[in-house]
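Everything below concerns the one structure shown next.
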Amino acid sequence: MLVKITQKFSQTFWVLPTWAIALGVVLIMSAVFILADEHSALGKLLAGVEAISIVVAVVLYVKETPDRKKESYYQAWSTVDAAHGVKVSYARIMALQDLNEDGVSLRGLDAPGAELVEINLPRANLSRANLIDSDLTNANLSHTNLDNANLSQCKLINADLSHANLGFARLNQANLSSANLSGAN
């Protein structure tokens, strides 16, 4: 019974708008503040408006966590998009690695001619990516999905492509010297 109530509360918390959550917390904390005996431990704890403000701030911080995460993804994708047509962009490399670490799909990435030397994208979803003429020397692409990716004229020298899915990938004139292809499809 308690588990169902907790699950229902959790679902409602994430669905309600932030203003409703803030108002609810203020009303609940105000009621506790009014009803608490000033000599009780709870009354002493809530002896000022500061306590209510802190509780509201903590609840709002937790409530807005998914929005902050989305915002960081939008910023990372903006960095990737801003680097379109730019050969060397360390910001693009960091943004792609951060997105991948958070499990965000990089499907359809369009970065032709990009210098992505030593990029670390294990287990990435790069299906349908356009990486034509890119430099992926020493890249970690192990267990990466490169299905239908355009890797034509790519430098994949010493790249780790172990267990990568290269199904229907275009590899025309790609340089795979010393690349690790063990277990790759």
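Read-outs: derived from the displayed coordinates by stated rules, not from any lab. Small disclaimer: the values here were computed from a predicted structure and weren't measured. When we count neighbours, we look across all protein chains shown, and the Cβ atoms used for this are built from the backbone with ideal geometry, even at glycine.
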Sequence of Ile28, Ile5, Ile132 once ranked by neighbouring C-beta atoms within 10 Å, starting from the fewest: Ile5, Ile28, Ile132
Return one number: the angle in degrees, 0 to 90 and rounded to the nearest 10, between the long axis of the Cα atoms of helix 2-15 and the longest principal axis of the Cα atoms of the chain. 70
Take the Cβ-Cβ distance between Ala57 and Met1 as r, set R0 to 30 Å, and report the resulting FRET efficiency rounded to the nearest 0.05. 0.40
The chain - percent relative contact order, Cα under 8 Å, separation 6 or more: 11
Ranking of His163, His84 by count of other Cβ atoms within 10 Å, fewest first: His84, His163
Exposure-ranked with fewest Cβ neighbours within 10 Å first, Met29, Met1, Met94 stand as Met1, Met94, Met29
Only one of the values [x] 79, 38, 25; [y] 96, 54, 18; [z] 45, 35, 32 was calculated from this structure for Cα extents along the principal axes in Å; name its label. [x]
For segment 56-142, rounded, prolate or oblate, judged on the Cα gyration tensor with a ≥ b ≥ c (square roots of eigenvalues), a/c < 1.5 rounded, else prolate if a/b > b/c? prolate
